Structures are given as C-alpha cells and as structure tokens.
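Colleague: The structure's right below; bear with me while I get my questions together.
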Amino acid sequence: MVMIKASYDGSLRGCRPVLGLDECFLKGKYGGVCLSIIELDGNNGLFSVATYFCRIECYDDTWNKFLRALQPWLDQHDAKLTFIFYRQKGLIKAVADNFHHYNHRFYFRRMYKNFNKICKGTHLEKLSWNAVRAYITIDKDNFLAKLGEDHLSARHWLERKPPKTWCRSHFDSTAKCEHITNNFCESFNYWILRVRDKPLHKSLQKLNMMMMTLMYDRRTKTSIWDQDGLVPRAVAHIAKLKKWYGKFDLAGVDKNKWTATKDGQRWAINLDAQECEYKEWQVPGLPCVYAVSILIWLRKPSWKKYCSEYHWVSTYIKAYASTVYPPPREFRPPPLLRPIGRPRKSRRKDEDELTNGSARRCGKCGYYRHNKKTCKGPPVVDKVVYNKKKLTRVDTLRSQEEIKVKFGFSTLGQRSAPKPSTTTSQTTQTCKLNKRLLINLIIGQDNKIQVP
C-alpha cells in the first residue's frame, strides 16, 4: 500500500470529500491489480489518496484489508465522506463493513450495462439516464413513469436499488460533487498507464515521481490566479451561465429570497442559504442559472461569497501546499510469482463499446469478438461472402508488342517483303486506320472504326 503524506494532507485540507474506488490490471510480466482511491480538487483535478498493489482482487485479501488500513486516517475528515464505486459484491461488502456511516454511490455506467442486458433500446436508455440526471424528485418520478409505460420491468429494475446511491435528486449535498460515473477514476488509470507494465518496484518509483511533478506543477500555476477569487473551472461555469441573463422574469420576495419564472415554470432561490428549489445549487456547490441571473440584476459581482469553499483558490492552494520528495534509490522488489499463461496487454471490451475496426469475426457463425475455435454457436447455412476487389489488367511492353505482331501492325522479329509503292494520300489514310485500330485494341473497346 502506498499513501504519500503530502497527498493525505492535501486531501484533508482542500479536496472535496468524495472518494472514488476503482481498480486496473497491471500489464507487466507478473501481472497483478492496482487498487486506487481518488479524490477531486476544486478545479476537478485528480488527486490520488492511496494505491494498493496486489495479485488478485477479492474481498478478504484486498479491498477489505486496504480499506481497514485506511479507516483511521479517512475518519479524520471534517466533512462527511461520500464513496462512489461500482457494484461488485466484494467491494460493496468491504465499504459497508468499514464505512457504513458514510454516503455510498454507485457508478451508473456499470449499472446501465446490467440494465441494458434486460432492457435494450435507445429510448429506454435516454429515459433511464434522464432519471439519473434529474435534480429534483418530481422530474425523476416523471421519467420513471414514462419508462414504466414503455417497459414496466425496466422501471422495477431501477427502483430495486436505493435512489440515494444512483440518482442526483437524492444525493447528499455535503460532497459538492454531481458525478454519477467513474470517469475521473478511469482517467487516473489512463494516467498511470506508463507505469502499469513495469516491475513493481519500478512502478512505485515512477508513480512517486509522477506525483511529485504533479504537485509541483499545480502548486506553481496558482501563482498567476486571483488569490481571492475562484478556480478557473468555477469562473468558466459562471461565464457560461451569464449568457442566460435576461431570459427569466425575476421577482423578489424579500432581500434574500427570489423567484425566477420562464414559460410558466417558477423556481425559488434563497441567496443567503445558497439553495435552489431544483437543487442545482446545493449538489455541485456552484450557483445555478437562476441565481446567476438574480445576482447580476442585483449587481453583486462577488461570486466567491455564493460558491462553496471547495471552489476557492485559497482552498486549492492548501491542497497542494505540501511537497512530495523523490523515492529512495534502493528500492527492493518483493518476491514475484509468475502466473500461468501469457499476460494480457488490453482489457476485454463490452459489446456496447466502440472498437477501432479491428474486431475478429468468426468464420463459423459470422459473429464478432471470437474465432471458430472458441465458437459455441451453430454454423450458418450460407457462408459470409466478402467483397473482393477486382484486379485491373495492366499490359506490359512485351504484351503490347505481341498484340501488334498478332494483328500485323509490327514487324518485330520479321522481315516482310517490300510493299508496292502507294500514293501519299493512300499512305496517310492507311496510317490513320492502323493507328485507330491499334488504340481500340489496347484499350479494349469494340467500337467500329470509321474512316473520315
């Protein structure tokens, strides 16, 4: 297990209390698995808290042991933590045993893969994802009602899971994170791709150097930011919402309570409590489009006051204030055990994932992603016919000369008798005839030759 002191200090001081749990395979000679816990800073940057290298992924020897060792350290967070992970039996049990009093979320991308096995179709996909992204319970219920009208078992499948684990309308607002997928964990797995094929001691050294460079670069670039302002991501978010100013009818209830109306819909805003009726302000910790329109109308450009402290530059600096030092030169490798078989270099992709056009096609059944040796389906009656490109004939100089000799237009290798003299007009007419006939024979046309 690797947990750098600077990363742990930055996690307590300046990162949002949301922890993503994920794993990736090591591509080296001896295989293995890398378990990781990733946090997000105020600028949506990846922040590695701890990593754990093991041989296989299971409950007792890996996830449970990893989380049990980190429990006394993670319990020191001031805010309530939120764990986001995929639905695996061993991982669900390990998180529930060690952190049962914290918030739990599931990657809906993984949930949708299981959902798609039972309920297929783009229409059902759109309704399910809209229900997940809805910020209020009413919108979520409306999408689920439409889903139930089209496919009742699809709605029952989603409602079996607790809504607080997969729907934004039931998320706890302490994490200030609206993520419903594991994209930031997958980004970390791609970031360490260069060290995943190295021996274990080399991987640890390289990972330490990468963390040292990352902390230094992010600490350095804050010098050009506004120290009393917001991080660039929050500034870009507010600038995007400013374009909607003037498209809502604003009405004040009192000094801090306002309403925004558009097309018959009404939203209630509380500036002092930083709350929106649609929870679009509470969940991410940034003002919603209605609050931005109200604040511009009131001429209150102090955006920092109405944003969560996790999006302040001062908090971002605290996260990267500590220094990561280079690893020791002597790093003894652990005892290695080479598993059976050839190690895989690329993971197996699901059926709904895009490929680069290099998918294998079975010669027995005609389907993709396997060959006829491992095919378990029946053979097709009609074989798959592949369109082959037609070969274009190219005549060489020798073949052209043979054609000329065959039709009497060349005297190569022969000495014919002298022909009787002809007039100039007859010679010119004969040359034109021979020339046109030769061209038609070479090109392959059967058109009739007409002499003018």
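The values are calculated or read from the model by the stated rules, or taken from the named source; none is laboratory data. On a predicted model such as this, the values are computed, not experimentally measured, just so you know. Reconstructed Cβ throughout: ideal geometry from the backbone, glycine too, with neighbour counts over all protein chains shown. To get the accessible areas, we keep the full protein, side chains included, count just its heavy atoms, and leave off ligands, DNA and RNA. Shrake-Rupley method; radii C 1.70, N 1.55, O 1.52, S 1.80 Å.
Colleague: Being surrounded by 16 or more Cβ atoms within 10 Å (Cβ to Cβ) and free of Cβ contacts under 8 Å to residues at least 40 places away in the same chain is the filter; apply it to segment 147-169 and report the residue that is nearest to the chain's Cα centre (by Cα). Walk me through how you get there before you give the answer.
Modeller: We begin by selecting, within segment 147-169, every residue surrounded by 16 or more Cβ atoms within 10 Å (Cβ to Cβ); these are 147-148, 151, 154-155, 157-158, 163, 165-169.
Those left that are additionally free of Cβ contacts under 8 Å to residues at least 40 places away in the same chain: 147-148, 151, 154-155, 163, 167.
Numbers: Leu147: 26, Gly148: 29, His151: 28, Ala154: 25, Arg155: 26, Pro163: 24, Cys167: 20 Å.
My answer is Cys167.
Colleague: Taking the stated definitions as given, is Leu207 in a helix (DSSP H, G or I), open to solvent by less than 50 Å² (accessible area, probe 1.4 Å) and outside the structural domain of Gly285 (by the TED database)?
Modeller: Details: in a helix (DSSP H, G or I): yes; open to solvent by less than 50 Å² (accessible area, probe 1.4 Å): yes; outside the structural domain of Gly285 (by the TED database): yes.
Here the answer is yes, as Leu207 does meet what is asked.
Colleague: So Val283 passes all but one of these: (1) open to solvent by 10 Å² or more (accessible area, probe 1.4 Å); (2) among the hydrophobic types (A, V, I, L, M, F, W, C); (3) under 25 Å from Arg13 (Cα atoms). Which condition number does it fail?
Modeller: With respect to (1) open to solvent by 10 Å² or more (accessible area, probe 1.4 Å); (2) among the hydrophobic types (A, V, I, L, M, F, W, C); (3) under 25 Å from Arg13 (Cα atoms), Val283 is out only on (1).
Colleague: Return the residues of segment 79-98 that are touching a residue at least 24 places away in the same chain (Cβ under 8 Å) and not in a helix (DSSP H, G or I); say none if nothing qualifies. Step through it out loud before you land on a result.
Modeller: Keep residues of segment 79-98 that are touching a residue at least 24 places away in the same chain (Cβ under 8 Å), which gives 79-87, 89-91, 93-95, 97-98.
Of everything in segment 79-98, those that are touching a residue at least 24 places away in the same chain (Cβ under 8 Å) and not in a helix (DSSP H, G or I) turn out to be Ala79, Lys80, Leu81, Thr82, Phe83, Ile84, Phe85, Tyr86, Arg87.
Colleague: Quick check on Tyr216: is it closer than 30 Å to Asn103 by Cβ, assigned by the TED database to the domain that holds Ser36 and open to solvent by 60 Å² or more (accessible area, probe 1.4 Å)? Can you show your working first?
Modeller: Working: closer than 30 Å to Asn103 by Cβ: no; assigned by the TED database to the domain that holds Ser36: yes; open to solvent by 60 Å² or more (accessible area, probe 1.4 Å): yes.
The answer is no for Tyr216.
Colleague: Let me ask something else. Of the conditions (1) open to solvent by 20 Å² or more (accessible area, probe 1.4 Å); (2) touching a residue at least 60 places away in the same chain (Cβ under 8 Å), Ile180 satisfies every one except a single condition; which number is it?
Modeller: Only one criterion in (1) open to solvent by 20 Å² or more (accessible area, probe 1.4 Å); (2) touching a residue at least 60 places away in the same chain (Cβ under 8 Å) is unmet by Ile180, namely (1).
Colleague: For segment 286-306, give me each residue that is under 28 Å from the mean Cα position of the chain (by Cα) and not in a helix (DSSP H, G or I).
Modeller: First, pick out the residues of segment 286-306 that are under 28 Å from the mean Cα position of the chain (by Cα): 286-289.
If the condition is that a residue be under 28 Å from the mean Cα position of the chain (by Cα) and not in a helix (DSSP H, G or I), then Leu286, Pro287, Cys288 are the ones that fit.
Colleague: Being open to solvent by 40 Å² or more (accessible area, probe 1.4 Å) and either touching a Lys or Arg at 6+ places or on another chain (Cβ under 8 Å) or within 27 Å of Ala50 (Cα to Cα) (or both) is the filter here, so list the residues in segment 219-248 that pass it. Outline the logic, then answer.
Modeller: Residues of segment 219-248 open to solvent by 40 Å² or more (accessible area, probe 1.4 Å): 219-221, 223-228, 232-233, 235-237, 239-240, 242-247.
Residues satisfying the conditions are Arg219, Thr220, Lys221, Asp228, Pro232, Arg233, Lys247.
Colleague: Scan segment 102-141 for residues that are among the polar types (S, T, N, Q), exposed (fewer than 15 other Cβ atoms within 10 Å of the Cβ) and at pLDDT 90 or above and jot them down. Walk me through how you get there before you give the answer.
Modeller: Step one: of segment 102-141, the residues among the polar types (S, T, N, Q) are 103, 114, 116, 122, 128, 130, 137.
From what's left, exposed (fewer than 15 other Cβ atoms within 10 Å of the Cβ): 114, 122, 137.
Thr137, the sole residue that qualifies.
Colleague: Can we say Ser293 is open to solvent by less than 20 Å² (accessible area, probe 1.4 Å), in contact with a Phe, Trp or Tyr (Cβ under 9 Å, 6 or more places away or on another chain) and of a type in the set (S, T, N, Q)? Before the answer, list the steps.
Modeller: Details: open to solvent by less than 20 Å² (accessible area, probe 1.4 Å): yes; in contact with a Phe, Trp or Tyr (Cβ under 9 Å, 6 or more places away or on another chain): yes; of a type in the set (S, T, N, Q): yes.
Considered against the rule, which asks whether it is open to solvent by less than 20 Å² (accessible area, probe 1.4 Å), in contact with a Phe, Trp or Tyr (Cβ under 9 Å, 6 or more places away or on another chain) and of a type in the set (S, T, N, Q), Ser293 comes out as yes.
Colleague: So, one more: Given the structure, is Gly42 in a loop (DSSP other than H, G, I, E, B), of a type in the set (Gly, Ala, Ser) and more than 17 Å from Leu207 (Cα to Cα)?
Modeller: Taking the combined requirement at face value, the residue satisfies it.
Colleague: Continuing with the same structure: Out of the residues in segment 210-263 that are β-branched (Val, Ile, Thr) and in a loop (DSSP other than H, G, I, E, B), which is farthest from Trp303 (Cα to Cα)? Walk me through it before giving the result.
Modeller: Of all residues in segment 210-263, those β-branched (Val, Ile, Thr) come to 213, 220, 222, 224, 231, 235, 238, 253, 259, 261.
Still in the list and also in a loop (DSSP other than H, G, I, E, B): 231, 253.
Numbers: Val231: 11, Val253: 22 Å.
Looking at residues that are β-branched (Val, Ile, Thr) and in a loop (DSSP other than H, G, I, E, B), I get Val253.
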